[in-house]
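These notes are about the structure you will find just below.
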Protein chains: 2
Amino acid sequence: MQRIVNLLVVKDNHVLLLKKPRRGWYVAPGGKMDPGESIYETAVREFTEETGAKPVKPQLKGIYTMVITDESGESVKDEWMLHTFTAFDLDGTPFETTIEGVLEWHPVESLQTLPMAEGDRTNLLFAVSELGIQYGTFFYTEEFKLLREVIQKSVEGDGQ
Amino acid sequence: MQRIVNLLVVKDNHVLLLKKPRRGWYVAPGGKMDPGESIYETAVREFTEETGAKPVKPQLKGIYTMVITDESGESVKDEWMLHTFTAFDLDGTPFETTIEGVLEWHPVESLQTLPMAEGDRTNLLFAVSELGIQYGTFFYTEEFKLLREVIQKSVEGDGQ
């Protein structure tokens, strides 16, 4: 069971995104948890490794179960967990190019239109525009076509 | 990689705990994620199955990496993820006894003294008394002696 963590920095109404070379899709910087790490430690380490800058006060905004199936949606090929953080400042200046792709600042609003996995759009828009934590499951094909999503959310103190 | 979810209901300054028969230790009701579930869905399903009552508006309070080692702490035997939720109300009346153990309401303050795994005490006290999300790694022996803990936290909007 892979555990993946990504982190979206929002600063001056812009977000820092990584453009991946294969499809030209945008993602938030991140990567895989190492054994024994907390998800918070992974978020800081992976973001710093990928961008050369350190996120300030990251906070969790979403936890997602990612299910990969065949085209019919019947046969499950893989399942992993995705944890999405935001931060509102960083220490240092990010790289412009990395071995993973190109790092670019884009206006927050462009999250609605830039090419990316549809589930990532749901997660990143939530992370920058809503209070609380989002949970859910995304069902994708192996070609990353989104078949179905099921979403829940909570806000601290709601119902208290 | 096991994914475990537990949920602590706090109501009228009391918490609902499950007393496990083997050691007499207390835990928050919970259990294992099923494939394709979100952690939110697991929290609701497992709590409802174990107690007979449904949590109202659960919210995530902690995510922990649990590492089991030999007595020396050198050799890793197992690793899993624990997700801790709270809720401040429930629909229905909880069972008094279940196949898992005995369900009991205890004053919130008793979390400081009731017999339980030391990491659970850290997590449950955070869940009922602090704002935000706690992250961390707990290193235990196979006999559930806590060797070491590393903790981080975040509060929504902090640093914004």
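With respect to the stated conditions, residue A:150 fails to be outside any strand (DSSP E or B) and at negative phi. Among the residues making up segment B:94-106, none is loosely packed, with under 13 Cβ neighbours inside 10 Å and farther than 17 Å from residue B:30 by Cα. Considering segment A:1-27, the residues that are crowded, with 22+ Cβ neighbours inside 10 Å and not hydrophobic (A, V, I, L, M, F, W, C) include one that is farthest from the other protein chains (Cβ to nearest Cβ), namely A:26. Close Cβ contacts (under 6 Å, 6 or more residues apart or on different chains) running from residues in segment B:143-160 that are within 7 Å of chain A (Cβ to nearest Cβ) to residues that are modelled with pLDDT under 95 and open to solvent by less than 70 Å² (accessible area, probe 1.4 Å) are absent. Across segment B:50-63, the number of residues qualifying as more than 7 Å from chain A (Cβ to nearest Cβ), in contact with a strand residue (DSSP E or B) (Cβ under 7 Å, 6 or more places away or on another chain), farther than 12 Å from residue A:157 by Cα and in contact (Cβ under 8 Å) with a residue 40 or more places away in the chain comes to 5. Consider segment B:111-142. How many of its residues are without any contact (Cβ under 8 Å) to a residue 24 or more places away in the chain and of a type in the set (Ser, Thr, Tyr)? The qualifying residues number 2.
Considering only segment A:28-49, I want to know if a residue exists there that is within 12 Å of chain B (Cβ to nearest Cβ) and on the phi > 0 side of the Ramachandran plot. The answer is yes, given that some residue of segment A:28-49 is within 12 Å of chain B (Cβ to nearest Cβ) and on the phi > 0 side of the Ramachandran plot. Residue B:64 meets all of the listed conditions (1) under 17 Å from residue B:149 (Cα atoms); (2) open to solvent by 40 Å² or more (accessible area, probe 1.4 Å); (3) hydroxyl-bearing (Ser, Thr, Tyr) but one, namely (2). Taking residue A:122, is it under 22 Å from residue A:20 (Cα atoms), modelled with pLDDT of 95 or more and open to solvent by 20 Å² or more (accessible area, probe 1.4 Å)? When the stated conditions are applied, residue A:122 passes them.
Only residues that are open to solvent by 20 Å² or more (accessible area, probe 1.4 Å) and among the hydrophobic types (A, V, I, L, M, F, W, C) were counted across segment A:76-93, and they come to 3.
Only one of the numbered conditions (1) within 8 Å of chain A (Cβ to nearest Cβ); (2) aromatic (Phe, Trp, Tyr); (3) open to solvent by 40 Å² or more (accessible area, probe 1.4 Å) is violated by residue B:135, and that is (3).
Against the conditions (1) over 26 Å from residue B:131 (Cα atoms); (2) out of contact with any Ser or Thr (no Cβ under 6 Å at 6 or more places or on another chain), where does residue B:13 fall short? Just the number, please. The one condition residue B:13 does not meet is (1). Mind listing whichever residues of segment A:64-110 are more than 14 Å from chain B (Cβ to nearest Cβ) and under 25 Å from residue B:135 (Cβ atoms)? Answer for segment A:64-110, where residues must be more than 14 Å from chain B (Cβ to nearest Cβ) and under 25 Å from residue B:135 (Cβ atoms): A:92, A:94, A:100.
The values are calculated or read from the model by the stated rules, or taken from the named source; none is laboratory data. Fair warning: this is a prediction, and the values are worked out from it, not measured in the lab. Every residue, glycine as well, gets a Cβ built from its backbone with ideal geometry; the counts of neighbours run over all protein chains shown. The area values use the complete protein model at the heavy-atom level, side chains included, leaving out ligands, DNA and RNA. Shrake-Rupley method; radii C 1.70, N 1.55, O 1.52, S 1.80 Å.
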